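A.B. asks: Before anything else, here's the structure in question.
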Amino acid sequence: MRTALLAALASALLVVEVEETGSVMEAARVAHRQGRMVMAVPPEDHADLRRYSGCGQLLRGAVAIPVTTATAITSHLPAA
């Protein structure tokens, strides 16, 4: 319930260094289903890719869009 509430209240969600399971992945999926913007920072190297494969999973599944800079993040945020 807490995860669904978080996803419902946020206009966008940024995912960084997340594993494939857990509440952050669930929040990303819920936010995506609710039409919210989901962004993910891709892992920088192969060691991080194994440890934080959740971002890659969200990107491959078209749940999230890749972002690597603050400018990229802010450019995808809805206008206030």
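A.B. asks: I'd like the residue in the range 31-42 that is in a loop (DSSP other than H, G, I, E, B) and touching a strand residue (DSSP E or B) at 6+ places or on another chain (Cβ under 9 Å) and, out of all such residues, is least open to solvent (accessible area, probe 1.4 Å).
C.D. replies: The qualifying residue least open to solvent (accessible area, probe 1.4 Å) is PRO42.
This table checks each residue for (1) touching a residue at least 24 places away in the same chain (Cβ under 8 Å); (2) within 17 Å of ARG60 (Cα to Cα); (3) in contact with a Leu (Cβ under 8 Å, 6 or more places away or on another chain).
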{"site": "ALA10", "(1), (2), (3)": "yes, no, no"}
{"site": "GLU17", "(1), (2), (3)": "yes, yes, no"}
{"site": "GLY35", "(1), (2), (3)": "no, no, no"}
{"site": "VAL38", "(1), (2), (3)": "yes, yes, yes"}
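A.B. asks: Given (1) part of a helix (DSSP H, G or I); (2) open to solvent by 80 Å² or more (accessible area, probe 1.4 Å), where does VAL24 come up short, assuming only one miss?
C.D. replies: Here VAL24 clears every test but (2).
A.B. asks: If THR74 passes every condition in (1) assigned to a helix (DSSP H, G or I); (2) surrounded by 12 or more Cβ atoms within 10 Å (Cβ to Cβ) but one, which one does it miss?
C.D. replies: (2)
Here's the yes/no breakdown for (1) touching a strand residue (DSSP E or B) at 6+ places or on another chain (Cβ under 8 Å); (2) open to solvent by 70 Å² or more (accessible area, probe 1.4 Å); (3) part of a helix (DSSP H, G or I):
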| site | (1), (2), (3) |
| --- | --- |
| LEU5 | no, yes, yes |
| VAL15 | yes, no, no |
| ARG29 | no, yes, yes |
| GLU44 | no, yes, no |
| THR68 | yes, yes, no |
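A.B. asks: Now for a different question. Where residues in the range 50-66 are among the hydrophobic types (A, V, I, L, M, F, W, C) and part of a helix (DSSP H, G or I), which of them is most open to solvent (accessible area, probe 1.4 Å)?
C.D. replies: Looking at residues that are among the hydrophobic types (A, V, I, L, M, F, W, C) and part of a helix (DSSP H, G or I), I get LEU59.
The values are calculated or read from the model by the stated rules, or taken from the named source; none is laboratory data. Note that the structure is a prediction, hence the values are computed from the model and not measured. Because the Cβ atoms are built from the backbone with ideal geometry, glycine has one as well, and the counts that use them run over all protein chains shown. To get the accessible areas, we keep the full protein, side chains included, count just its heavy atoms, and leave off ligands, DNA and RNA. Shrake-Rupley method; radii C 1.70, N 1.55, O 1.52, S 1.80 Å.
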